[in-house]
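Take a look at the structure set out below.
The values are calculated or read from the model by the stated rules, or taken from the named source; none is laboratory data. All figures in this text were calculated on a predicted structure; none of them were measured in a lab. When we count neighbours, we look across all protein chains shown, and the Cβ atoms used for this are built from the backbone with ideal geometry, even at glycine.
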Amino acid sequence: MARSHRVPAPDGVRTVALIDVWEKPFGWALPDESHTLVESATWGWGWSVPVTRERRFVTMMVDPVATQLTGDEGLAARYAELLASLPALGELSQGARCSGAPWAYEATPYHSHDVAFPGLLLVGDAASAIDPLSSYGVKKALASAWLAAVTVHTAFVSPEHAPLAADFFSERERAYVQSATQGLRGLSREAEPGGSAVPFWSARAELEGGNEAELSGEASVERLRHDPAVLAAFETLRQAPAIRLVPSDGGRRVLRPVVRGNVVVPEEHLVLPGDEVALRYLRSVDLLALLDIASRHDDVGAMYAQFARLMGPIPLPDFLGALSVLVGKGFARLA
């Protein structure tokens, strides 16, 4: 059912995993034998995951178009050739024995056109699977399942918010995929040997990551670190002996979905001017709660103390950064 909504993978980014299990009777002599090991090559990358102290999966991730895979005998020979070409993993496998013949498994990332339908959600790997190189596949699947449960619960207890919850689920699924694609693109650029174009890596380095403004605000948050208006507001806050802030009439607000407890509800968000991203939280700081608290004190230290009492402790740099954004982006002004 889910496959009928799947978006075809871009040309040049198909990935097949060649897998075998290796054993070393006395362990692998690693600084930490619980670690996953990754090593890049021109043909793709190798991956080793521990099962026990003596057993590890050792996998070659290849593009089956660029790296020909033929028959059972050919597959074993190709696997051995690829493993031997990896300086670190090849050396690590010396003295180990494989438990059987290697096998191949499809590992190409995918996503769906739509993930929410009347009475139906595509959840976890049914909705999308991200590239294994990101190492966040399990986390992404768990996050998808959790939000799907919240979405279904919302439909039962607050049916008026069911469409909002379904849209929110779809939005977050798109954000997972786009964020993972951007991460793969960056990792692929780093992995290209000597900065030269290698088909396996260059195809992934050129993937389209979607509209950055849709990535749950993360791209915009990163830009705020270098925004001149935000930096100027930070200097003002740092140097002033006392500051009284009041909400500005210029800041635009919109209703956007958030999870409260185990339901999705609409709440006000602040719209960042310029890229039109709606934010309620900046890192761990509730911007609207901060705006309310900041208008009741003339000392940044007192603001921070009350925010921590009401909302829970947060890192001071996150608090100061959020306060600077409120001032720099016109949501608050000096009284």
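Would you mind telling me which numbered condition in (1) within 18 Å of LEU133 (Cα to Cα); (2) modelled with pLDDT under 90 GLY71 fails?
(1)
If a residue counts only when it is surrounded by fewer than 18 Cβ atoms within 10 Å (Cβ to Cβ), in contact (Cβ under 8 Å) with a residue 12 or more places away in the chain and not assigned by TED's automatic domain parsing to the domain that holds TRP146, which strands (runs of 3 or more DSSP E) contained entirely in segment 245-327 have at least 3 such residues?
In segment 245-327, 253-260, 263-271 are the strands (runs of 3 or more DSSP E) which contain 3 or more residues that are surrounded by fewer than 18 Cβ atoms within 10 Å (Cβ to Cβ), in contact (Cβ under 8 Å) with a residue 12 or more places away in the chain and not assigned by TED's automatic domain parsing to the domain that holds TRP146.
Among the residues of segment 261-271, is any in contact with a Lys or Arg (Cβ under 6 Å, 6 or more places away or on another chain) and under 24 Å from ALA162 (Cβ atoms)?
Yes: one or more hits.
Which of (1) part of a helix (DSSP H, G or I); (2) surrounded by 15 or more Cβ atoms within 10 Å (Cβ to Cβ); (3) modelled with pLDDT of 85 or more is the odd one out, the single condition GLY186 does not satisfy?
Of (1) part of a helix (DSSP H, G or I); (2) surrounded by 15 or more Cβ atoms within 10 Å (Cβ to Cβ); (3) modelled with pLDDT of 85 or more, only one is false for GLY186: (2).
Does segment 132-155 include one or more residues that are farther than 28 Å from ALA180 by Cα, surrounded by 13 or more Cβ atoms within 10 Å (Cβ to Cβ) and in contact with a helix residue (DSSP H, G or I) (Cβ under 8 Å, 6 or more places away or on another chain)?
Checked segment 132-155: at least one residue is farther than 28 Å from ALA180 by Cα, surrounded by 13 or more Cβ atoms within 10 Å (Cβ to Cβ) and in contact with a helix residue (DSSP H, G or I) (Cβ under 8 Å, 6 or more places away or on another chain).
Pick from VAL65, VAL38: which is modelled with pLDDT under 90 and either under 30 Å from GLU208 (Cα atoms) or outside the structural domain of GLN94 (by TED's automatic domain parsing) (or both)?
After ruling out the rest, the residue left standing is VAL65.
Name every residue in segment 99-119 that is at pLDDT 95 or above and either more than 17 Å from GLU171 (Cα to Cα) or aliphatic (A, V, I, L, M) (or both), in order of residue number.
Matches in segment 99-119: VAL115, ALA116.
What pairs come up if the first residue lies in segment 164-186 and is outside the structural domain of SER134 (by TED's automatic domain parsing) and in contact (Cβ under 8 Å) with a residue 40 or more places away in the chain, the second is surrounded by fewer than 19 Cβ atoms within 10 Å (Cβ to Cβ) and not small (Gly, Ala, Ser), and their beta carbons are under 9 Å apart, counting only those six or more places apart or on different chains?
Pairs that qualify, where the first residue is outside the structural domain of SER134 (by TED's automatic domain parsing) and in contact (Cβ under 8 Å) with a residue 40 or more places away in the chain and the partner is surrounded by fewer than 19 Cβ atoms within 10 Å (Cβ to Cβ) and not small (Gly, Ala, Ser): there are none.
Considering each residue of segment 101-113, count those that are farther than 14 Å from ALA17 by Cα and part of a loop (DSSP other than H, G, I, E, B), and give that number.
Of the residues in segment 101-113, 1 are farther than 14 Å from ALA17 by Cα and part of a loop (DSSP other than H, G, I, E, B).
Just give me the residues in segment 196-227 being at pLDDT 70 or above and among the acidic types (Asp, Glu), in sequence order.
Answer for segment 196-227, where residues must be at pLDDT 70 or above and among the acidic types (Asp, Glu): GLU206, GLU208, GLU222, ASP227.
Counting only residues that are modelled with pLDDT under 90 and on the phi > 0 side of the Ramachandran plot, which one in segment 276-328 is farthest from the chain's Cα centre (by Cα)?
Per the criteria, the residue is GLU276.
Filter segment 189-202 down to the residues that are surrounded by fewer than 19 Cβ atoms within 10 Å (Cβ to Cβ) and not charged (D, E, K, R), then identify the one that is nearest to GLY124 (Cα to Cα).
Step by step, filter segment 189-202, then rank; the result is SER202.
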